[in-house]
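Remarks on the structure that follows.
Please treat every number below as a calculation from the coordinates, not as lab data. None of these values were measured; they are calculated from a predicted model. So basically every Cβ, Gly included, is an ideal-geometry build from the backbone, and we count neighbours across all protein chains shown.
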Amino acid sequence: MTRQLTYLLVAMLGLVACAEDEPPARSVNQFVEDPILLEAAVVRCSRDRAKSRYDQECINAREAVNIVAAREEEIRRAELEERSEAKRRALRRRQEAQAEARRLAEEERRRREEAEYLAQFGVLPPADGGQDKEELPEGNVPLAVIPDSELPDTNSPAGESLPAGDGSNAPIAETEPVEEPSGNDADDKF
């Protein structure tokens, strides 16, 4: 009996030794860290889907694929957001430059109109477009100077039309004849 028991024990040890030891299923973290291992597991699991459906290693591989895809999507989204922010900054700079150009054009137009207006009176605007750096005179001192050529001639005979001095289509000034007092008018009042 001991002999049979010995044979039985040796046979069981042989079976245990010959049995294939399956390695433990790889974890999700192992698959995430090693993309080649993940790809091999995905290929193996996709061959026989019915058999590998509940295999722990295939379940871990599918979970790792989802995690890797989510990380890649997050990276892609961050890159898109960064590009979008760069485009917004460029657009903002362009809009600010356009607004500044419009402001400068409006300021230049205003200066030109002011210069044209002042030129009507014979006054030239300051060279820098703004106020002179020197202080303006105080009191009731005229700032505009009217050239003599534009003043009407006071020596013209009464009732004569005077043309506009600047050649424009301004209305013509007419003078009324002034009656001079005669010596007889003083005698008539008595």
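Each of residue 115 and residue 79 was given a label point 7 Å from its Cα along the Cα-to-Cβ line. The distance between the two points is 5.4 nm. Highest mean packing first, where packing is the average number of other Cβ atoms within 10 Å per residue, the peptides 36-48, 57-69, 96-108 line up as 57-69, 36-48, 96-108.
If R0 is 41 Å, the Cβ-Cβ spacing of residue 34 and residue 11 corresponds to a FRET efficiency of close to 0.55.
Basic side chains Lys and Arg get +1 at the Cβ, acidic Asp and Glu get -1 at the Cβ, and with that the dipole of the stretch 1-99 about its Cα centre reaches some 580 debye.
Label separation (residue 67 vs residue 53): 2.5 nm, computed from points 7 Å beyond Cα along the C-beta direction. Note on residue 87 and residue 102: the model spin-label points, each 7 Å out from Cα along the C-beta direction, lie 2.3 nm apart. The 3J(HN,Hα) values that the Karplus relation (6.51, -1.76, 1.60; θ = phi - 60°) gives for the stretch 28-44 are, in residue order, 4, 4, 4, 5, 5, 6, 10, x, 5, 4, 5, 5, 5, 5, 5, 5, 4 Hz. Gly and Pro appear as x.
Can you give the local net charge around residue 103? Use residues other than it whose beta-carbon is closer than 12 angstrom to its beta-carbon, Lys and Arg +1, Asp and Glu -1. So the surrounding residues net to -2. Computed over neighbours whose Cβ is under 14 Å from that of residue 34, the net charge equals -2, Lys and Arg +1, Asp and Glu -1.
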